[in-house]
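What follows is a set of notes on a single structure, which appears directly below.
Just so it is clear, none of the values below were taken in a lab; they were calculated from the coordinates. Source: prediction; values computed, not measured. Don't worry about glycine lacking a Cβ; one is built from the backbone with ideal geometry, like all the others, and counts go over all protein chains shown.
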Amino acid sequence: MKIGIVLGTRPEIIKMSSIIDEIDKNNDECIIIHTGQHYDKEMSEQFFKDLNLPLPKYNIGIGSNTAIKQISIIISELESILKEEKVDIVLVQGDTNAVLAGALAANKLKIPVGHVEAGLRSFDKDMPEETNRIIADNCSTLFFVPTELTAINLQNEGIDHNSIYVTGNSIVDACYRNLDIAIQKSDISDMIEFEKFIVLTLHRAENVDNPERLENIVNSLINLDYNIVFPIHPHTRKSLEENGLYDKMLNAENIQITKPLGYLDFLFLLSRSSMILTDSGGIQEEAITLNIPCVTLRYNTERPETIAAGGNILAGTQEKEIRENIEKILNNQDIYDKMANAVNPYGDGTTSKQIYEIICENYENNTLNISYSEEILDFEGYYMIKVDENITVREFEEKNRNHIIEQIFNNNLPEYVSNETSLKGKTVIVKKFNTKEE
Ligand code: UD1
Ligand code: UDP
């Protein structure tokens, strides 16, 4: 089997690393295509080194540009690469411009797409990432979702439950596989000025491209009674400089700014921190995986499981709220312990193995192929019923051919639709087709 992987930014390299390992270990062919959206050594090359990954076969070298230019050029370049390589499936991960472009290009070429970390929704269409992930999901064939809650998002959008797989998040694989290596190899603690510290990261467009929000965040952190280590994203550094805020942070005695760190150094730093302040997606997941309380500097999150589990708090971007939340956690051992002991909703570190096996199974069963239908499928509509029978989803669908269960409600709450879910006593929404024989 030949698997194409399209990636473009630091978190994609990290979250794809264990999947690439899995493909290599099983001697399948893996073609890595880097869009070049992240290009600084410390935003890209360092991660291939830290994670022992083969270098990409292709680098489109897109660099920094408007989203429209990035997406359109990537799609056009991918057309020739994917035609040449004839991969059996394209994998994309997450919600960046690489993901949208990769999924759309593959879909147009009728190559099946596996979306890793599918189904996340912040329900905030102002975020570029929200549009990217919705479009990528619309182009995908296999959906690898981290949790059942995420699966429900896709079911609500009419995605067939048979193509949704709850696999956990491959960030857990990356953390588990690399923490010990990081502890042995990283010498970042020699560079850190503080004994106890909070780790801060900031880069979301809605924060760093908004001068008012950026200033509020900076003001909430300077002169705080706690020390902060801040590995700075180049996007953020640029915005802070443009808004005259960089020196303010640099001169604050409680803040140490570093360049963006490699994965091993950053993982080690996180593991030694008292708390994480972030607007990153992946770092909210790493926080709960490493048992570190997290305060998220946003108004919404596509990772609501971390909040429900009790490991993460949404603090927004106002000075008062940010400070109050930090103090509440660091001044109260009870709250701190509860947050640190929140149960990780993102699985046990076997995500990449599961994803690889699901791809192989679909490849072997010939269910990856996108082909023209030879069967007349007349869509009749939806219906809703309360099920009294002792029957599972699989049994219901076998008994009622061409009736697909789209949603299940148990005591009015939506439930994840898996083939083995029992339907007794639940209300279901069914999509019905008529075939020629009927
Ligand atoms: C991108 C993703 C975001 C993801 C983040 C991970 C999109 C729309 N955004 O945001 O979802 O969370 O990556 O870090 O895909 N820059 C450099 N060197 C680099 C890369 C970027 O200096 O290697 C600077 C440039 O000034 C550039 C700016 O950062 O204009 C923004 O880069 P861009 O890739 O557009 O977005 P990110 O903020 O990195
Ligand atoms: N990360 C890193 N070095 C840093 C900051 C972050 O290695 O200086 C890693 C972090 O461990 C996480 C990923 O980058 O796995 C998150 O990327 P980012 O916050 O840039 O993007 P997001 O997850 O928000 O898309």
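With charges set only on the Cβ (+1 for Lys and Arg, -1 for Asp and Glu), what does the dipole of the chain come to about its Cα centre, in debye to the nearest 20? Walk me through the intermediate numbers first.
Working: 41 positive and 70 negative charges, 59 e Å.
It comes to approximately 280 debye.
Direction-averaged shadow area of the convex hull around the Cα atoms of the stretch 54-206, nm²?
If you wrap the Cα atoms of the stretch 54-206 in a convex hull and average its projections, you get 12.0 nm².
Enter the mean projected area of the convex hull around the alpha-carbon atoms of the stretch 324-400, in nm², rounded to one decimal.
The Cα convex hull of the stretch 324-400, projected and averaged over all directions, gives 12.0 nm².
7 Å from Cα along Cα→Cβ at both Ala67 and Lys125: what's the point-to-point distance in nm?
About 1.2 nm, to one decimal.
Along the positive direction of the dipole of the chain (beta-carbon charges: Lys, Arg +1; Asp, Glu -1; about the Cα centre), which of Met275, Asn97, Gly119 reaches farthest?
Asn97
For n ≥ 4 DSSP H runs only, could you compute -39500 (n - 2.57) per run for the chain, divide by its residues and tell me the 222 nm figure to the nearest 500?
Values: 18 runs with 183 residues, N = 438.
Mean residue ellipticity, 222 nm, calculated: -12500 deg cm²/dmol.
Give, as ranges by residue number, the residues of the stretch 206-227 whose backbone N falls under 17 Å from the point 7 Å along Cα→Cβ of Asp40.
208-209
Test of understanding: in a Gaussian network model of the chain with alpha carbons linked when under 10 Å, which of Phe396, Phe230, Phe143 would top the mean-square fluctuation ranking?
Evaluated over the chain, the most mobile residue of the options is Phe396.
What is the distance, in nm, between label points placed 7 Å from the Cα along the Cα-to-Cβ direction at Lys328 and at Asn138?
Taking the simple label geometry, Lys328 and Asn138 are separated by 3.8 nm.
Please turn the phi angles of the stretch 88-103 into ³J(HN,Hα) values with the Karplus equation 6.51 cos²θ - 1.76 cosθ + 1.60 (θ = phi - 60°), one per residue in order, whole Hz, x for glycine and proline.
With coefficients 6.51, -1.76 and 1.60, one gets 7, 7, 10, 9, 10, 9, x, 8, 8, 4, 4, 5, 4, 5, x, 5 Hz.
Can you give me the relative contact order of the chain as a percent, contacts being Cα pairs under 8 Å and 6 or more apart? Kindly include the intermediate steps, with their values, before the conclusion.
Details: 851 pairs, mean separation 60.7, N = 438.
About 14 percent, as a whole number.
Calculate log10 I(q)/I(0) of the stretch 377-435 for q = 0.21 Å⁻¹, where I(q) comes from the Debye formula with a single equal point scatterer on each Cα and nothing for solvent.
The calculated log intensity ratios at q = 0.21 Å⁻¹ are -0.74.
Give, as ranges by residue number, the residues of the stretch 295-331 whose backbone N falls under 13 Å from the point 7 Å along Cα→Cβ of Asn219.
Answer for the stretch 295-331: 317-323.
For the pairs Lys86/Lys108; Lys25/Lys353; Lys49/Lys69, note any where the Cα-Cα span goes beyond 22 Å.
Beyond 22 Å: Lys49/Lys69.
For the stretch 344-387, which chymotrypsin sites (Phe, Trp or Tyr not before Pro) are in a loop by DSSP, counting at most 10 other Cβ atoms within 10 Å?
Tyr372
So how far, in whole Å, is the C-alpha centre of the stretch 361-438 from the one of the stretch 184-226?
Their Cα centres are 48 Å away from one another.
Per residue and in cubic angstrom, what volume does the convex hull of the Cα atoms of the stretch 174-340 have?
106
Write out the trypsin sites (Lys or Arg not before Pro) in the stretch 175-213 meeting two conditions: DSSP loop, and at most 15 other Cβ atoms within 10 Å of their Cβ. Walk me through the intermediate numbers first.
On the way: sites: Arg177, Lys185, Lys196, Arg204, Arg213; in loops: Lys196, Arg204.
Loop-located and lightly packed - Lys196.
Per-residue HN-Hα couplings for the stretch 122-130, Karplus 6.51 cos²θ - 1.76 cosθ + 1.60 at θ = phi - 60°, whole Hz, x for Gly and Pro?
Karplus values, whole Hz, x for Gly and Pro: 9, 6, 10, 6, 6, 7, x, 5, 5.
Total Lys pairs in the stretch 174-340 closer than 28 Å by alpha-carbon, pairs eight or more apart in sequence or interchain only?
18
Provide the per-residue ³J(HN,Hα) series for the stretch 174-179, in order, calculated from phi with Karplus coefficients 6.51, -1.76, 1.60 and θ = phi - 60°, each as a whole number of Hz, with x at glycine and proline positions.
In residue order, the calculated couplings are 4, 5, 4, 6, 10, 5 Hz.
Given labels modelled 7 Å from the Cα in the Cβ direction, how far is it in nm from Glu319 to His235?
Those two pseudo-labels are separated by 2.6 nm.
Shape of the stretch 153-242 from its Cα gyration tensor (a ≥ b ≥ c, root eigenvalues): rounded if a/c is under 1.5, otherwise prolate when a/b > b/c, or oblate? Don't skip to the answer; put the middle values down first.
Details: a/c = 2.84, a/b = 1.32, b/c = 2.15.
Taking the square roots of the gyration eigenvalues as a ≥ b ≥ c, the stretch 153-242 is oblate.
For Gln256, list long-range residues whose amide hydrogen, built 1.01 Å from N in the peptide plane, is under 5 Å from its own amide hydrogen.
So Gln256 has HN proximity to Ile228, Val229, Phe230.
Between Asn26 and Ile385, what is the FRET efficiency for a Förster distance of 60 Å, r being their Cβ-Cβ separation, to the nearest 0.05?
According to the calculation, E is roughly 0.90.
In which sequence would Met384, Met43 go, from the one with the fewest C-beta neighbours within 10 Å to the one with the most? Mind dumping the intermediate values first?
Values: Met384 11, Met43 18.
Fewest-to-most Cβ neighbours within 10 Å comes out as Met384, Met43.
Could you work out how far the C-alpha centroid of the stretch 89-116 sits from that of the stretch 273-329, in angstrom?
29
For the stretch 186-225, what class follows from the C-alpha gyration tensor (a ≥ b ≥ c being the square roots of its eigenvalues): rounded when a/c is under 1.5, otherwise prolate if a/b is larger than b/c, else oblate?
oblate
On alpha-carbon atoms, Rg over Rh for the chain using Kirkwood Rh?
0.99
Rank the residues Thr150, Thr201 as a footprinting-exposure proxy: fewest other Cβ atoms within 10 Å of their Cβ go first.
Starting with the residue having the fewest Cβ neighbours, the order is Thr201, Thr150.
When the chain is fully extended, how far beyond the present Cα-Cα distance does Lys399 get from Asp160, taking 0.36 nm per residue of separation?
Working: separation 239, 0.36 × 239 = 86.04 nm, distance 1.75 nm.
Residue separation times 0.36 nm, minus the Cα-Cα distance, leaves 84.3 nm.
Once amide H atoms are placed 1.01 Å from N in the peptide plane, what residues at a sequence separation of 5 or more from Cys30, or on another chain, have their amide H within under 5 Å of its amide H?
Excluding prolines and chain starts, which carry no amide H, the hits are Ile3.
Starting from the amide H of Leu142, placed 1.01 Å from N in the peptide plane, find each other amide H under 5 Å away whose residue is 5 or more places distant or on another chain.
Val113, Gly114, His115
Show log10 I(q)/I(0) for the stretch 1-85 at q = 0.13 Å⁻¹, two decimals, from a solvent-free Debye sum over equal Cα scatterers.
-0.40
Calculate, in nm to one decimal, what Asp348 and Glu195 gain on full extension: separation in residues at 0.36 nm each, minus their alpha carbon distance.
52.0 nm
Would you mind calculating the gained length between Asp337 and Glu357 on full extension (0.36 nm times residue separation, minus the Cα-Cα distance), in nm to one decimal?
This chain segment gains 3.5 nm when fully extended.
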